[in-house]
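To start, the structure under review is shown below, and the notes come after it.
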Amino acid sequence: MYDIIVVGGGPAGLTAAIYAARAGKRTLVLEKESIGGQIVNSPLVENYPALPHISGAELANSMYEQVCALNVEVGSEEVTGLSAIPGGYAVATDIGGYEGRAVVLATGVRHRQLGLPGEDELVGSGISYCAVCDGAFYEGRDVAVVGGGDTALQDALFLSNICRKVTVLVRRDRFRGEAKLAEKLRERANVEILFGHTVEAFETRDGLLCGLTVKNAENALRSLAVDGLFLAVGQEPAGAAFANLADTDAAGYFAAGEGGETKTPGVFVAGDCRAKKVRQLTTAVGDGAAAALGVCDWLDAL
Ligand code: NAP
């Protein structure tokens, strides 16, 4: 039986694993997609102390190497359920199962959708949620980014280096994201920022996206020809499978104390899946440390 099973291998989960391993706990991290989580999709991280210019992928890789050097075990598996057993928890995955004395849920968030007809079918045929992964497909072509947060700003900056033109559609009259990123974006000659604009429909040709019907603040509709659309309209919690273990807020984020403790003894939460105001790489890392120390205290007190 592991001492601690960490569900989710993003910055919060990996930091929890580093602290747990250094406290001498036998630790397993289970991640269903990319080790590093969402940060892998960040082209450039410029607000992580001591590392002023690092790509998200590099940072994730470095965290992964640190975790491995501490003999943490890491599995590429999707956790499908968690149930109490004598002395701990049984963690079921898509390919097997494990037992741990305690669990840290660091399940992060997933992309929010616009909810327009045809959206699911067009993912991979013109719609993407990841500029770093899919930007190269649109080299020399025209694309749009929807959203006004840090992800949209980063994505638009990244795409402006590859694409002919990037149109940024922001539903309000201002950005939500960092002023410094917005300032950089405004300097790009091939970027047009349209405030007060929303996407009303997708236009397609032969099953591929070829344009958007957009609406401005005066409710006037027009067509915008683009080959690619990058959606960066925020995120929603991804831990619904564990909602019975921890109370959630109205949006579905897990309620937890400062040390990540939930209403269920031995179940802790960390990172973006936790109910809180600020969701940054730095706060995810802080959460991971706090939850690991919380869980270690809890185990040591047993
Ligand atoms: P976010 O901050 O929640 O921003 C989402 C953006 O999408 C907002 O501009 C929002 O508009 C807009 N939006 C939401 N629903 C929409 C819809 N249906 N149609 C059109 N626009 C819609 O999400 P995020 O940018 O993914 O960032 C998530 C968290 O990660 C944030 O805490 C962010 O700071 C952090 N992050 C940080 C960095 C960094 O380097 N510092 C990088 C990436 C992400 P409104 O403003 O009107 O709500």
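Some notes on this structure:
- Within this structure, Phe242 fails the test of being open to solvent by less than 70 Å² (accessible area, probe 1.4 Å) and under 26 Å from Glu139 (Cα atoms).
- Val104 being surrounded by 15 or more Cβ atoms within 10 Å (Cβ to Cβ) and away from the ligand (no atom under 15 Å from the Cβ): yes
- Test result for Tyr98, touching an Asp or Glu at 6+ places or on another chain (Cβ under 7 Å) and surrounded by 17 or more Cβ atoms within 10 Å (Cβ to Cβ): no
- Among residues of segment 41-50 being within 12 Å of the ligand (Cβ to nearest atom) and of a type in the set (A, V, I, L, M, F, W, C), the one that is surrounded by the fewest Cβ atoms within 10 Å (Cβ to Cβ) is Leu44.
- Hits in segment 276-289 (condition: of a type in the set (A, V, I, L, M), more than 21 Å from Ala251 (Cβ to Cβ) and either in contact with a strand residue (DSSP E or B) (Cβ under 9 Å, 6 or more places away or on another chain) or within 16 Å of the ligand (Cβ to nearest atom) (or both)): Val285
- Tabulated pairs, segment 266-289, first within 19 Å of Pro52 (Cβ to Cβ), second in a helix (DSSP H, G or I) and more than 13 Å from the ligand (Cβ to nearest atom), C-beta under 6 angstrom, 6+ apart or interchain: Val285/Thr15
- Selection count where residues are more than 13 Å from the ligand (Cβ to nearest atom) and either touching a Pro at 6+ places or on another chain (Cβ under 7 Å) or among the acidic types (Asp, Glu) (or both), scope segment 168-190: 2
- Among residues of segment 253-266, those that are at pLDDT 95 or above and either open to solvent by 50 Å² or more (accessible area, probe 1.4 Å) or within 16 Å of the ligand (Cβ to nearest atom) (or both), counted: 4
- Condition met for Lys180 (open to solvent by 50 Å² or more (accessible area, probe 1.4 Å), closer than 30 Å to Lys277 by Cβ, touching a helix residue (DSSP H, G or I) at 6+ places or on another chain (Cβ under 8 Å) and not in a loop (DSSP other than H, G, I, E, B)): no
- Scanning segment 183-215 for residues that are without any contact (Cβ under 8 Å) to a residue 24 or more places away in the chain and part of a loop (DSSP other than H, G, I, E, B) yields a total of 3.
- Only residues that are small (Gly, Ala, Ser), within 10 Å of the ligand (Cβ to nearest atom) and either open to solvent by 70 Å² or more (accessible area, probe 1.4 Å) or outside any helix (DSSP H, G or I) (or both) were counted in segment 111-161, giving 4.
The values are calculated or read from the model by the stated rules, or taken from the named source; none is laboratory data. Keep in mind the model is a prediction, meaning the values are calculated, not measured. Counting neighbours? That spans all protein chains shown, and the Cβs are built from the backbone with ideal geometry, glycine included. To get the accessible areas, we keep the full protein, side chains included, count just its heavy atoms, and leave off ligands, DNA and RNA. Shrake-Rupley method; radii C 1.70, N 1.55, O 1.52, S 1.80 Å.
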